[in-house]
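This report refers to the structure that appears directly beneath it.
The values are calculated or read from the model by the stated rules, or taken from the named source; none is laboratory data. The structure displayed is predicted, hence computed values, not measured ones. Cβ placement follows ideal geometry from the backbone for every residue including glycine, while neighbour counts extend to all protein chains displayed.
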Amino acid sequence: MARLAPLLAAALLVAGCGTSPAARIAEPPAAKRTFAGAGLNPPRSAPAIALHDASGTPVTLAGQRGRYVLVTFLYTHCPDVCPLIASNLNAAVRALGAKRSDVRILAVSVDPKGDTPAAVRAFVKRMHLVPEFRYLIGSAAELRRAWAAWHVLSVKQSPGVVDHVAYTALVDPAGEERVLYGSDVHARDVVHDLRALMRRAGSTSTRA
């Protein structure tokens, strides 16, 4: 629970798909903010993720070291929130131009039964997701381990509807969580924060 406490203290985000509204992240005044999202100070090590995509290719968060990674939690049959999150993250990566090669999106399924490889492929096609967007699935046990590590709750309320904690974490190339976004994440905010981190990394590299 130690990792979850800062989230609760920041009034972060119980959200559901199809039922519950999302709570907004408590943020400092704009004049004092570095990031458009909720910056973590100090940053913290991101928990492990080890799943696979719809083609069966293994994907780990550790394997993305050296890139910026947006970790989020979705399901393909979601009627409202999840498609919006996916669309905004997808648009953010597109907006980065040549820098998009330095970014990955890892979307972890919260519906082990409904998110079949076929359902994921259909979602990727329907949403026109960029290649940098990796939709991750696995067995119920594998997904539960990922949810537990990231303190995500997933409850199937009725056929086709899953209530879950919906947030996105921006992880830096060193594997540390830097910024959190609620379910109302906007592409422009993600682009702003990615560029801010990239500028910092560039200036640090120049000084070194």
Practice task
Name every residue in region 131-158 that is surrounded by fewer than 21 Cβ atoms within 10 Å (Cβ to Cβ) and among the β-branched types (Val, Ile, Thr), in order of residue number.
Solution key: VAL152, VAL155
Completion exercise
Contact list, first residue from region 56-84 and surrounded by 13 or more Cβ atoms within 10 Å (Cβ to Cβ), second anywhere and in a helix (DSSP H, G or I) and polar (S, T, N, Q), beta-carbon distance below 9 Å, six or more apart or interchain, is ARG67/SER101
Practice task
Among residues belonging to region 179-195 that are under 14 Å from VAL103 (Cα atoms) and touching a strand residue (DSSP E or B) at 6+ places or on another chain (Cβ under 9 Å), point out the one that is surrounded by the fewest Cβ atoms within 10 Å (Cβ to Cβ).
Solution key: ASP193
Problem - Single match in VAL120, VAL152 (criterion: in contact with a His (Cβ under 8 Å, 6 or more places away or on another chain) and farther than 29 Å from GLY202 by Cβ) - result: VAL152
Completion exercise
Exactly one of VAL179, VAL155, VAL162, VAL93 is in contact with an Asp or Glu (Cβ under 6 Å, 6 or more places away or on another chain), in a strand (DSSP E or B) and farther than 13 Å from LEU74 by Cα, and that one is VAL179
Fill in the blank from the handout: For region 54-84 the number of residues that are within 14 Å of ALA122 (Cβ to Cβ), outside any strand (DSSP E or B) and not hydroxyl-bearing (Ser, Thr, Tyr) is 5
Problem - Matching option when the condition is buried (at least 18 other Cβ atoms within 10 Å of the Cβ), in a loop (DSSP other than H, G, I, E, B) and at pLDDT 50 or above, among ALA36, ALA48 - result: ALA36
Exercise for the section: Kindly indicate whether any position in region 102-110 is assigned to a strand (DSSP E or B), in contact (Cβ under 8 Å) with a residue 12 or more places away in the chain and among the polar types (S, T, N, Q). Expected result: yes
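Conditions tested, residue by residue: (1) surrounded by 18 or more Cβ atoms within 10 Å (Cβ to Cβ); (2) closer than 16 Å to ALA92 by Cα; (3) modelled with pLDDT of 95 or more; (4) under 15 Å from the mean Cα position of the chain (by Cα).
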site: VAL103; (1), (2), (3), (4): yes, yes, yes, yes
site: THR116; (1), (2), (3), (4): no, no, yes, no
site: ARG121; (1), (2), (3), (4): no, no, yes, no
site: LEU129; (1), (2), (3), (4): yes, yes, yes, yes
site: HIS164; (1), (2), (3), (4): yes, no, no, yes
Handout entry: Tabulated pairs, region 144-159, first in contact (Cβ under 8 Å) with a residue 60 or more places away in the chain and on the phi > 0 side of the Ramachandran plot, second not aromatic (Phe, Trp, Tyr) and not in a helix (DSSP H, G or I), C-beta under 7 angstrom, 6+ apart or interchain
Key = HIS151/ARG3
